[in-house]
Each structure stands twice: as C-alpha cells, then as structure tokens.
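Worksheet: the structure to be examined is printed underneath.
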Amino acid sequence: MKKINEYGRSVVEMLGVLAVIGVLSVGGLAGYSKAMHKYKVQKSVSFVTDALIEYQLFSKRPIGNYPSETNQMAQNAKKFELLSICQPQDSLLAGSQYQTCRFPLGEVYPRFFVTEKADGTYYTYMLYVTFLHDQKQSCIDFLNPNWGKIVPEKLWRKGKLWITSDSSAQILYSSTAKRLDLETVADVCSTICDTGSDYCSIVFDFTFVRY
C-alpha cells in the first residue's frame, strides 16, 4: 500500500498560533487605547488654551461687554468669541439644564457674567472643564502641563485654578497658593475625582471686583 503523506498543522499548533495572535491583539488594543487617551488629553489642553487666549483678547475690550448670567452661557461665550470652536449642546450631566461645549475628555461650561453686589461689581469668567469618563486619570493627565506658565501671570493675579466635585472642592493654583506640582495634582485628583463622584471639574476662575 502506498503511504500518503499528510501536510498541515496539528490542533495543538493551531491553538498555539491563536494564543499568540490573541496576546498580540490584546497588546495592540492596549497600546491603541493609551495612544487615543493621550491624543484626547492633548486636544483637550489645546481646546482650553485657545479659550483662554480668546479671553485675554476679550478682556482688552470695554468692560461693559459682560452680560448677566443665564443658562445660555455657551451661546453667549461663542457670540462674544470666547469659545469660537464651541458647538453648544445640552450637558450630559444628570439633571443639568444648560448647554456646554464638548471637548475630547468631556464638556466645558463657561460662566461669563457681571453681578452687582454691595461691595462692588463682580466680573466673572470661569471655565468648568468637566471630565465625563475615567475622571481621576483624566484629571491628572489634563493638569500635567504647567498651567501656571501656560496662563499669563496677569490673569493669575486676579484668578485661581481649582477642582470641584459634588462632594468637595480645593484650590490648586493662584498667585498666592502655588501648589500645582505633579504630586499634589495626583493626590487631589485621586481624592476629589473618586469613583463615587457624580462629576469632577477643573475650574479656571478669573473673577474680579471693581468698587
């Protein structure tokens, strides 16, 4: 009888190949996710940086440009060219009844208004940078750039950078409270942006008063 030679891979060999492909796929997906997160962080930093540059230009205009506060702040900011790239949309936060500007890590809510009080006239410009996913890590990565140097010193003289959630808040940086080092950022983000928070926001606050 003539012997027939069979060629091909055994089941064990095929399982080995599939295992290798699986490991490579998992590694590839992890690398892709990490790269996408880094890209989103960079785009988010650029979004906020551009908004602050536009605010600097706006602040040189006559002070009377400030409107009263409404739930249409995103539209007002876009109208006054404070968030020119913003496309106002309803906030994704539960119970919110205002519109925000979407950015890769979440949404930006501008507060931009004037308030008359007994001790003077308050001019408020705030950017609430709210993280909608992986709040703690997004907070840490977003704050890693040196915002103390990105934002001009003259704005820090009348402003501050703080972090807030539904449970607590803490100032991170100002002309008098300069604590924006990486260790502090990681500690504060881990404490305030915990998994039980309904929201977590970084706030650029340039409120000032004129008597």
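What follows is calculated from the coordinates using simple rules that are stated; it is not laboratory data. What you see is a predicted model, and the numbers here were worked out from it, not measured in a lab. A quick note on method: Cβ atoms are made from the backbone with ideal geometry, for glycine too, and the neighbour counts reach across all protein chains shown.
Observations on the model:
- Overall form of the stretch 73-142 per C-alpha gyration tensor (a/c, 1.5; a/b vs b/c): prolate
- Binning the C-alpha pair distances of the stretch 77-210 at 10 Å intervals from 0 yields a P(r) profile of 12, 40, 37, 11, 0 %, listed from the shortest bin outward.
- Coupling constants for the stretch 104-114 follow from the phi torsions by the Karplus curve (6.51 cos²θ - 1.76 cosθ + 1.60, θ = phi - 60°), and in residue order they are x, 9, x, 8, 10, 10, x, 10, 8, 6, 10 Hz; glycine and proline get x.
- The magnitude of the dipole of the stretch 11-210, with charges of +1 and -1 set on the Cβ of Lys/Arg and Asp/Glu and taken from the Cα centre, is near 780 debye.
- Cα-only radius of gyration and Dmax that characterise the stretch 163-211, units Å: 12.4, 42
- Each peptide among 99-109, 40-50 gets the average number of other Cβ atoms lying within 10 Å of its residues, and from highest to lowest they stand as 99-109, 40-50.
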